[in-house]
Structures are given as structure tokens and as C-alpha cells.
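So the structure is just underneath, and the comments pick up after that.
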Amino acid sequence: MAIIEVVNVDKIYNDSDVKVVALSGINLMIEQGEFTAIVGPSGSGKTTLLNLLGGLDTPTNGKIRVGDVWLNEMKGSKLIDFRLRNIGFVFQSYNLIPVLTAGENVELIMQLQGVPAMQRKQVAAEMLSKVGLADRVSSRPAKLSGGQQQRVAVARALASRPKFILADEPTANLDGKSAESLLQIMEHLNRTEGVTFIFSTHDQRVVSRARRVILLEDGKIKSDFAQ
Amino acid sequence: MSYLKMAQRNLWRNKRRTAITISSIFFAILLAIVMRSFQLGSYSLMIRNAIEQYYGHIRVQHPDYADDPSLENTFEYDERLLENISMIPNVKTVTSRLETFALASSGNITKGVLVLGIEPESEKRFSNPEHFLVRYRLTQDALDRLEKINALTAQTREVILAYLGESFTNSAKLVRIFEDEQVSADELYRVLDATKVKGRFLREADSGVVISSRLATYLNVSIGDSLIMLSQGYQGASAAGVFPILGIIRIPNPDLDSRMVYMPLALAQNFTYSPNRIAYFAINLYNTSDEMQKATTYSIQVRIADNELEVKTWQNLNRVLVQQIESDNQSGKAFLFLLYIVVFFGIYGTVIMMVHERMHEFGVLVAVGMNKLRLALTVVLEMLIMAFIGIALGYLVGLPVIHYYQIHPIRLTGEMAKMMMDMGFEPLMPMAPFGAYVVWQGVSILVMVMLACLYPIRKIIRFKVVDAIKR
């Protein structure tokens, strides 16, 4: 069974009496272990689709299933808890908590999950080691480069052992070298540990590495192909 | 990583803002407790001066005496009744008095005075007027004597002129008025010698009087002089007498100090032709709390049930003082309210800035799985830490100040002192000891912080994650 199923999803924004159709008639299935890129021009609905898949926003019409749960059937703290245990997020601008060290940022998710302190520290060190930052556990975000911060964000997303990780333009703010390094890490995690990655991107380097590419235009899926 | 630690680190994120918020809480607490302490201290002083040294906490008197305090409304002294009242556990001291008004004159100066017939020994236990016996007086006579022998420098003369008419109960108090001046020991000794007063307090069998210091100054009399007094005696008799002045006392209450004449009870009864009659039993209590005062009043009422007498508390007898204290208390509270309103908006402004600055971060935290209530709790924790630090600092600085000025009250001088005395109060500003009022200031700040926290709580509960994480 697909881990994500999107059925006839529309997303319409009513901004001061102007109707903006962000997504229209989206049907989609994503399997465990995919490395999928959602591409398209600005305003095509990539981020909106990721937000819907992550349960951060609700569709105007249609429904989304994650695992065996329909997201539209959950609200409030139940939905937040579901995200905590099932979905990892990597944002374009890293979004680490500035007052926490790299290790504590990774630990935070596990702390919210109720993982004991000793185990948290161990897993955080392990995750940071996986993204090549074993020596930066005690560094605050401000002391890390953009690429390093984004790798901490990936480690944070991994720490919750999610069903999949949603990455919104993960390389947009990174230089070529950092972007390449991040992509290698994500690919490695996908291949060796079967972590499912779904990311939105403009970056051709990312698109060329994706094994499935979904092209969005004007809120509709224009093409969906494996490569 | 505990939430407390996270809250603490968040506070250090914007050190200046945190410092400003903590400072505003600190100054609010400091100002509030110091101001309140001065107010409550003044009330205690007023009550102590007026009540414990004259009125008594409770009086037992004729039912009509409160409205018409004349000799016609006095009653027959009953020793058994006095003993009965003395046996009530909360009763500290009881004394019987006869009180009347008279005209006192010396030379061609006359003044209306309050004549208080007292039992000297029991009065000593009650209000201890002997403690206020004047030992030194800066009179014109004393100044003339000093000038005659060229014993004064210009500086010392100026100080004496500034305090002319003042009385002192001991040498230390007199010496203190010269503490800012360069006065030699010899000169001080001469001043002490020239201003010394050799009075004493009353004894049961005395046929003289002790008068208050301002009255002595007004009538221009001293120890050994005689006072002529005219009054109306019991049942319309004319009362007149000449009484030698045996002592002068300085009553802390300026109103009483300007018109009090003490005489032994027997002499007062004789003077007013009211043998064995007294105006009231004045009673001081150990525990003066409202509850204990009520309980003691009730106990006395039970004991006097067979007599045609009634019990009056100092609040019944001193409506003016009670109202003065109450109105001042209310204006103090209103000032505190305004102060807290200002501080509240300061805190509220900080909260609004903090929330708007961190909305994106809140969005990320909720997106990755932090429960909104838990997030709100972290923010509340941050605010509470700031509040506790501000309150603790306020107490840390304020409490020693309170303690110091409780022991060393500020003595007002000049116009301010004159104004206070005109109003019948001693020109002193003592502070009240540590009490519930101190705790309440901290509680008020905490309540305000909690109220200010409603804003971030509401914002956090209502924000949309998608909107918050948009840059």
C-alpha cells in the first residue's frame, strides 16, 4: 500500500474576494522509499502541495491519506502529534531553533516524543554523524554555515524516525558544494535506510538526482514520471 | 534540554529587552513596597500616638458620653469592675480617668485645655507619660541666659533659634539638632546646662499638674510656675483652682501636646466636685487585630452587662482619624494601581514584540510536532522567569530599606513638618515592618504578567502553521 495517497485534492485561497486556485484535481500515490521531486515554476503549487502532504494545511476539496490515516479526519493536537511521529520536515531556510545547539535541535523532536534523555543524546549524536556533523553537536546554528544548518535540519527530520521527509526547496539557499553534499547525504539515506524523501525544487541538480519527478503547472500535475 | 533551560536561553536572546522588562518590574516592586511601607508605617504611628498613648484601643464609658463628653455623663468608679476587665486575657492594661475641659491661664495668656485626671501608677503602665517627660527646653529664657554670658557662637545661636520652643526628652535628642554644625563640647555642655528642666511626673497625692510641652510654650510657663484653671464642675458647680506645674511632657501627638493637662485623679475629682466619679476606663490590648478586638469587646460587654455602661472601640471614638487613614490609604492604592497599569503596558509591549518576532519560530516548532499548549507554556515560563527575577531584585533592595527606615524613621523638618503638625500628626515617617502588603506587591506583578501572557497564549492557540512559517 502507498504511504501517501492524494485523492482529488483542490486548494483554493479566497484572498479579499479574489479566488486563487493553488491546486486543482490532484491525484497522487507515493510509495515507501521513493526519492521524489515536485518541480514547477513559481506559483505552480509545489509548496502548497507539500504543506497539504505534511498536514500543515487542509485541502479545500479532496482527501489525503498518510499510512492508514486520512489527514482530514484529524485536527488540532491530534494532527500535531501525528506529524511529530510520522513526518519529517526540512525547510528552505533551515529553521533551526537559534537558542539550541545542533545536538539539542535534533534532540528536541525526540524530547517531544517522550524519548528518555540518554537515548536522545545517543540518537542525536548518531544522526549528526550520519549527516557528517559529529563534531558540531555543541554548536549553535549561528556558528554553522548554511549547508551545515541544512544538514542539521535533515538530522532533526530523521531523528523522529518518520514515514517520510518533506523538504521544501532544501538547496535553494545553499552554494553548489553544500547543495551537492546535502543531496549525497539524502540519497545515501534513501538508498541505505529506505528513507522516503519528497522535495519541492527549482534546482536542476536536484531534479536530475530524483528518481521520480512530478511536474506541476498552474496547480495541476502536468507530468509524473520516473527516471 | 528542559523547557526551563529553553525559556532561560530565549531570555538571553534579546538581552536589552529582557533587562528593560526586569528593570521595570524591579522598580515597580521597589517603589510599591517602599511607598506602601511608608504609608502603613505612618498609619501605625498615628494610631500608636493617638490610641495607645491617649484613647486606648477600647473604652468603657457611659452610653451618652460619646455624644456629650461632660461630667454629667461620668459614672461611679467600681474597682471590682476594673479588676474584672483586667482579667480578660487580651487586655494589656486598664486605667481609669476623669476628663474635662478647662480654661488654663498664666499671666495674661489663656487657653482651652484638656484636663485628664489619672491614676499616676496605672497610667504609667497604660501610656507611660513619664517616658515623655521633658528634660531640656529651648526657651527664650534659656537663650537669653546663654547670650548674657556670651556662651554661643553665631552658628549655634541660629540652630537654637530654628528650634526655639522645642522640648527634648533626653540630651541625645537635643544634641542631634547640632549634628550638622561644628559645635564644641564646651558649648554643647553650656547649652545642655542652660536648657535643663527639673520636672517630674505625678504622684497620687500631688496637688500639682503636669502639662504638655507645646501648651507650656504657648502659656510661657515652666516648672514651678502656677496655672490658674477655670471649668464647670459636676452638676453645674463652678470649678476653679491654682495648680503648680510639676513637670512637662512632650506628647508625640501634636494636637494633644498643645492642650493637655494631667492631674492626679483624686485632685481632678476634687477640682470638678465629682467625688469618686470617672469618665471612662481606657483599655489597651495585646493583640489589636480586628478579630481579637471584636472578641475582647464582646468579653467586656459580658462583664459590664449589669452596669449602665457601653464599650467603644478606638474606631468608634475616632471617626476622623479612621477616615483620614482610609482616604489616604485609598489614594495610595489608587497610585499603586496607576503604577501597575504603566508597568502592565510595559510588560504587555514586550510580550507583543516578542510574539511577533518569534511567530515564525513558533510556526516551525508546531510544524515539527510541538503541541501548542506546550509552546504556550514555554512562553509563559519565560515571562514568569522575568517576573520572578524582577520581583526578587525588588525585594532584595526594598526589604533592607524598609528595615532601616523602620528602625530609623525619617524626621521631617521645615514646612513639611509644620504641615504635618498642623494636621495633628508627629512629623515622622517610619516604615511598616515586613508584612502581607509586601507579598501582595509581588502577587500583583505576577497577576499582571499572567494577564499579559494571555496575549501569546491566544496568539499561539489561534495561529495557522502555514501562515507562521512563511517568511
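The values are calculated or read from the model by the stated rules, or taken from the named source; none is laboratory data. Every value quoted in this text rests on a predicted model; they were computed, and no experiment measured them. Cβ sites come from the backbone with ideal geometry, for glycine too, and all protein chains shown count toward neighbours. Ligands, DNA and RNA are stripped out before the accessible areas are found, and what is left, the full protein with its side chains, is counted by its heavy atoms. Shrake-Rupley method; radii C 1.70, N 1.55, O 1.52, S 1.80 Å.
Here are the numbers for this structure:
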read-out: Distance violations [Cα-Cα > 28 Å] among A:LYS220/B:LYS464; B:LYS173/B:LYS333; A:LYS130/B:LYS464; B:LYS124/B:LYS196; value: B:LYS173/B:LYS333; A:LYS130/B:LYS464
read-out: Over the range B:100-213, relative contact order from alpha-carbon pairs under 8 Å, at least 6 apart, %; value: 31
read-out: Cα→Cβ-extended label distance, 7 Å offset, between B:ARG374 and B:ARG13, nm; value: 1.8
read-out: Extension gain from B:SER184 to B:LEU384, taking 0.36 nm per residue of separation minus the Cα-Cα distance; value: 66.2 nm
read-out: Extension gain (nm, one decimal) between B:ARG80 and B:ARG411, 0.36 nm per residue minus Cα-Cα; value: 114.8 nm
read-out: Anchor A:LYS143: aspartates and glutamates whose Cα lies under 20 Å away (excluding residues fewer than 8 positions away in-chain); value: A:GLU104, A:GLU107, A:ASP135, A:ASP175, B:GLU361
read-out: Solvent accessible area, Å² - B:LEU246, 1.4 Å probe, full protein context; value: 40
read-out: Portion, in percent, of the accessible area of chain B that falls on carbon or sulfur, probe 1.4 Å; value: 57
read-out: Listing of the range B:451-471 residues, each with accessible area lower by at least 20 Å² in the full protein assembly than in the chain alone (probe 1.4 Å); value: B:VAL465, B:VAL466, B:ILE469, B:ARG471
read-out: Relative contact order of chain B, defined on C-alpha pairs under 8 angstrom at six or more residues apart (%); value: 27
read-out: The range A:70-112 - percent of accessible surface contributed by carbon and sulfur, probe 1.4 Å; value: 47
read-out: At least 20 Å² of accessible area lost relative to the chain alone, listed for the range A:50-64 with a 1.4 Å probe; value: A:ASN51, A:LEU56
read-out: Accessible surface, 1.4 Å probe, highest first, among residues B:TRP440, A:TRP70, B:TRP314; value: B:TRP440, A:TRP70, B:TRP314
read-out: Net length gained if the chain between B:ILE20 and B:VAL320 were fully extended (0.36 nm per residue, minus Cα distance); value: 103.6 nm
read-out: Accessible area per residue, Å², the protein assembly as shown with all protein chains present, probe 1.4 Å; value: 46
read-out: Relative compactness, the range B:122-243, computed as alpha-carbon Rg over 2.2 N^0.38 Å; value: 1.28
read-out: Solvent-accessible surface (1.4 angstrom probe) belonging to B:LYS372, in square angstrom, nearest 10; value: 40
read-out: Pairwise FRET efficiency - A:SER16 versus A:LYS78, Cβ, R0 = 45 Å, nearest 0.05; value: 0.90
read-out: Beta bridges per DSSP with both ends in chain A, % antiparallel, nearest 5; value: 55
read-out: Mean-position separation - Cα centroids, the range B:222-246 and the range A:68-108, in angstrom; value: 95
read-out: Distance from the range A:126-176 to the range B:36-50 (C-alpha centre basis), Å; value: 66
read-out: Computed over chain A: relative contact order in percent, which uses C-alpha pairs under 8 Å that are six or more apart; value: 28
read-out: Nearest-0.05 FRET efficiency for B:ILE149 and B:ASP225, computed from C-beta distance (R0 25 Å); value: 0.60
read-out: Spin-label zone in the range A:21-38 - amide nitrogen under 19 Å from a point set 7 Å from the Cα of A:MET1 along the C-beta vector; value: A:28-34
read-out: Inter-part distance where the range B:134-199 and the range A:1-45 are each reduced to a Cα centre, Å; value: 98
read-out: Those GluC sites (Glu not before Pro) in the range B:306-376 that DSSP places in a loop and that have at most 16 other beta carbons within 10 Å; value: B:GLU308
read-out: Formal net charge of residues neighbouring A:LEU50 (Cβ-Cβ distance under 11 Å; K, R +1; D, E -1); value: -2
read-out: Computed [θ] at 222 nm, helices only, for chain A once each DSSP H run of length n ≥ 4 contributes -39500 (n - 2.57); value: -11500 deg cm²/dmol
read-out: Buried area at the A-B interface (accessible, heavy atoms, 1.4 Å probe, summed, Å²); value: 2100
read-out: Accessible area (Å², 1.4 Å probe, nearest 10) - A:THR192; value: 80
read-out: Estimated distance in nm for a label pair at A:ASN27 and B:LEU451, the labels positioned 7 Å out from Cα along Cα-to-Cβ; value: 5.9
read-out: Carbon plus sulfur fraction of accessible area for the range A:119-198, probe 1.4 Å, in percent; value: 44
read-out: Chain B: calculated mean residue ellipticity at 222 nm from DSSP helix runs of at least 4, using -39500 (n - 2.57); value: -17500 deg cm²/dmol
read-out: Interface residues, the range B:358-381 - accessible area loss of 40 Å² or more versus chain alone, probe 1.4 Å; value: B:VAL364, B:ALA367, B:VAL368, B:GLY369
read-out: B:VAL443/A:LYS222 FRET efficiency (R0 60 Å; Cβ-Cβ; nearest 0.05); value: 0.40
